[in-house]
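Notes follow once the structure below has been shown.
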Amino acid sequence: QAQLVESGGGLVQAGGSLRLSCAASGIIFSQYSMGWYRQAPGKQRELVANIASGGSANYADSVKGRFTISRDNSKNTVFLQMDSLKPEDTAVYYCNANFIWPPRAYWGQGTQVTVSS
């Protein structure tokens, strides 16, 4: 059974940094595209960044230059390094594992990130 477990969220002041981790089990991690999404109160869930099985990454415009996604296939873990955090980054951050075909997607339970001004 697939399971994604996020960690690393918390409260940080504006301009600070956090590093999120997502440990996966029950899937062949190296074959999945991994992503981080976030959902702020009253807003839809949005893509923050994703990284393909081959390592290429994409970022939302709002986080480009501040966030870095990476993966360690030997540890079945994906990371999100968040620097220069802003109050508008406050949200619950979710880890996602996505397999193209046959289509499969899994989600973590989410971790809260709060950035104070």
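The values are calculated or read from the model by the stated rules, or taken from the named source; none is laboratory data. Quick caveat, the model's predicted, so the values are computed rather than measured. All Cβ positions, glycine included, derive from the backbone under ideal geometry; neighbour counts span all protein chains shown. Heads up: the accessible areas ignore ligands, DNA and RNA and are worked out on the full protein's heavy atoms, side chains in. Shrake-Rupley method; radii C 1.70, N 1.55, O 1.52, S 1.80 Å.
Details
- Surface per residue (accessible, 1.4 Å probe) for the chain, Å²: 53
- Most to least accessible of Glu46, Glu88 (protein chains only, probe 1.4 Å): Glu88, Glu46
- Among the protein heavy atoms, those of Asp61 account for about 130 Å² of accessible surface (1.4 Å probe, every chain in place).
- Protein accessible area in the chain, 1.4 Å probe - carbon and sulfur %: 48
- Cut-off 11 Å between beta-carbons: net charge of the residues surrounding Tyr32, Lys and Arg +1, Asp and Glu -1: +2
- Taking θ as phi - 60° and the Karplus parameters 6.51, -1.76 and 1.60, the scalar couplings of the range 15-28 work out to x, x, 10, 9, 10, 8, 10, 9, 9, 10, 9, x, 9, 7 Hz in sequence order, x denoting glycine and proline.
- Solvent exposure of Lys64, expressed as accessible area, is near 120 Å², computed with a probe of 1.4 Å over the protein chains only.
- Cross-link reach is defined here as a Cα-Cα straight distance under 22 Å, omitting same-chain residues fewer than 8 places apart; for Lys43 the lysines meeting it are Lys64, Lys86.
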